[in-house]
1. Across the stretch 61-99, what is the number of residues that are of a type in the set (Phe, Trp, Tyr) and open to solvent by 90 Å² or more (accessible area, probe 1.4 Å)?
2. Which pairs do you get when a residue that is open to solvent by 10 Å² or more (accessible area, probe 1.4 Å), found in the stretch 31-60, comes within reach of a residue that is among the small types (Gly, Ala, Ser) and part of a loop (DSSP other than H, G, I, E, B), reach meaning Cβ atoms under 9 angstrom, with the pair 6+ apart or on two chains?
3. Among the residues of the stretch 75-86, is any at pLDDT 95 or above, of a type in the set (A, V, I, L, M, F, W, C) and within 20 Å of residue 13 (Cβ to Cβ)?
4. Specify the residue that is most open to solvent (accessible area, probe 1.4 Å); the eligible residues are those in the stretch 9-27 that are in contact with a Phe, Trp or Tyr (Cβ under 9 Å, 6 or more places away or on another chain) and in contact (Cβ under 8 Å) with a residue 40 or more places away in the chain.
5. Return the total of residues in the stretch 15-46 being more than 9 Å from the chain's Cα centre (by Cα) and either polar (S, T, N, Q) or modelled with pLDDT under 95 (or both).
6. Report yes if residue 4 is open to solvent by 30 Å² or more (accessible area, probe 1.4 Å), at pLDDT 90 or above and more than 29 Å from residue 84 (Cα to Cα), otherwise no.
Amino acid sequence: MNTKDKIFEFIERRFPPDKDCNWVTGNCYYFAVILREAFPGGRIVYEPVDGHFLYETDGGLYDWFGRHDYYRGRDLIDWEEYNNIDPLHYERIVRDCIR
């Protein structure tokens, strides 16, 4: 089974669509953390236009909906590096979305 199928199966089994806990509208960072823990080796990325976090691994971008091609080609920023790029915005995101 490839990574994409494993992630889909993981999401489907643990996060049914009728139990949305704002995984894409407020808790997307935490969903990306869950995916990173379940499927190590990727990275959490931030899309600043939509203000959305995704998990990137094996060439795919994932959130609660599964794999996203919608964000392909957008300016995605490695969350680990964002504090170095825009420290004020980083702190605001941490304050308003993560804490």
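The values are calculated or read from the model by the stated rules, or taken from the named source; none is laboratory data. Since we're looking at a predicted model, the values are computed, not measured. Please note: Cβ atoms are built from the backbone with ideal geometry, for glycine as well, and neighbour counts cover all protein chains shown. Only protein heavy atoms, including side chains, enter the accessible area calculation; ligands, DNA and RNA are left aside. Shrake-Rupley method; radii C 1.70, N 1.55, O 1.52, S 1.80 Å.
1. Going through the stretch 61-99 one residue at a time, the tally reaches 2.
2. 36/42; 56/42; 57/41; 57/42; 58/41; 58/42
3. Scanning the stretch 75-86, I find no residue that is at pLDDT 95 or above, of a type in the set (A, V, I, L, M, F, W, C) and within 20 Å of residue 13 (Cβ to Cβ), so the answer is no.
4. Checking each candidate, the answer is 20.
5. 12
6. Criteria met by residue 4.
Yes/no matrix, rows are residues, columns are (1) out of contact with any strand residue (DSSP E or B) (no Cβ under 6 Å at 6 or more places or on another chain); (2) under 15 Å from residue 3 (Cβ atoms):
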residue	(1), (2)
21	yes, no
25	yes, no
36	no, yes
76	no, no
84	yes, no
89	yes, no
